[in-house]
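Report on the following structure.
Read-outs: derived from the displayed coordinates by stated rules, not from any lab. What you see is a predicted model; the values in this text were computed from it and never measured. With ideal geometry, Cβ positions are generated from the backbone for all residues, glycine too; neighbour counts draw on all protein chains shown.
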Amino acid sequence: MKITDPGKITSKLIKKPVAIALFYTVCVALAVVIVLHNNPLATDPETEQLKKICACILLGLACIIFGFFFDKIFIIPRELYQSRALIWKLAKNDFKKRYAGSYLGFIWALVQPVVTVVMYWVVFDLVFDTRSKMLASGIEVPYVLYLTAGLVPWFYFSEALINGTNALLEYSYLVKKVVFKISILPIIKLIAATFIHIFFICILLILSTCYGYYPSVYTIQIVYYSICMFVFVLALCYSTCAIVVFFRDLGQIINIILQVGMWATPILWDINMIHDERLIILFKLNPIVYIVNGFRSAIYEETWFFEHFYSSTYFWIITVTLFLIGSLIFKRLKVHFADVL
């Protein structure tokens, strides 16, 4: 009979209350800041009040989920940390094998997005004689730069979401192994997609330099917004990759949502063109808007992410809540994956 070390039990019991207390303290402090904060740019007090109420409700929901399902939620972060070396190795192998056997290799991953950018630029800026300058946040920028700054994070989001959703299906032979930690499979796909994303960031920086928008200290925020996208997609993928095992149609539904989402996100158009404040709020409920606008802020607007207090707070509350829910769904369905696959 195996005897458990009392010290480990005590340590575990101590860590859980401390972690929960710390999380609650941060949430309460954040709620107080949100309630007391006054946005100097606010023009509609009722809208600002609604934002504060929604933020507090989401924080309360996150606290409830975190407190009741602490043990289940922390299984995935713990497994990711313990398998970090394996994750990095498998991510590199996944990226290499995707283009194995083709003469141009990973260049094919770059061709389609580049062609898409050129096609949109030709159609909207040349054929239909769209203004060569896009007025965004009071700043006139070349339309091709405005377009590219929006498409780069969107390409990353769409590729990472699709690949992450299909991670368990693609690596079904690993899912059936009892000793393998299948929770690392979605993040492997996301890291592989990040390699291509880094390349497009370089193209975006070269393009902005050609138009006279040289890299500055604000450009560092691209790293922050890329991390935002990574964590957000990871939070989504733990739900989608678990559900798609039992409901294969989800993959097709996601493809349709991505098609609609590209037009519902201000990538080809400027959100400031909308004059109805209620519609603007509706569009900004999409967390991707925060990241797309963030990329543009880092390139030519010269504003910091913390200047958009409500947007940053809303994004991270949504992301953390989605991760908590995704962890629970993944944990609940995990025991049935091998039977279905």
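For region 222-236, the Karplus equation 6.51 cos²θ - 1.76 cosθ + 1.60, evaluated at θ = phi - 60°, returns couplings of 4, 4, 4, 5, 5, 5, 4, 5, 4, 5, 5, 5, 4, 4, 5 Hz by residue, with Gly and Pro reported as x. Pairs spanning more than 19 Å between alpha-carbon atoms, out of 16/181; 176/334; 97/181; 16/52; 177/334: 16/181; 97/181; 16/52.
Pop the C-beta distance of residue 29 and residue 70 into the FRET formula with R0 = 22 Å and round what comes out to the nearest 0.05.
For residue 29 and residue 70, the calculated efficiency is 0.65.
Here 199, 232, 247 are placed in order of increasing Cβ neighbour count within 10 Å, fewest first, which gives 247, 199, 232. Exposure proxy for 202, 54, 228, 63: other Cβ atoms within 10 Å of each Cβ, ordered fewest to most, give 202, 54, 63, 228. Restricting region 145-249 to trypsin sites (Lys or Arg not before Pro) that sit in a DSSP loop and have at most 12 other Cβ atoms within 10 Å of their own Cβ leaves 177, 248.
Ranked by Cβ crowding within 10 angstrom, fewest neighbours first, how are 25, 319, 303, 240 ordered?
So the residues, fewest neighbours to most, are 25, 303, 319, 240.
Rounded, prolate or oblate: which fits region 216-276 when a ≥ b ≥ c are the square roots of the eigenvalues of the alpha-carbon gyration tensor, with rounded for a/c under 1.5 and prolate only if a/b beats b/c? Oblate shape, in that a/c is at least 1.5 and b/c is the bigger or equal ratio.
3J(HN,Hα) along region 263-268, derived from phi through the Karplus expression 6.51 cos²θ - 1.76 cosθ + 1.60 where θ = phi - 60°, amounts to 7, 7, 9, x, 9, 8 Hz, with x in place of Gly and Pro. Placing R0 at 25 angstrom, the Cβ-Cβ distance between residue 78 and residue 179 gives a FRET efficiency of 0.95 after rounding to 0.05.
One quarter of the surface of the convex hull around the alpha-carbon atoms of region 75-340 equals 15.6 nm², the direction-averaged projected area. With a Förster radius of 25 Å applied to the C-beta separation of residue 285 and residue 18, the computed FRET efficiency comes to 0.15.
For GluC sites (Glu not before Pro), the sites in region 270-319 that DSSP calls loop and that have at most 14 other Cβ atoms within 10 Å are 302.
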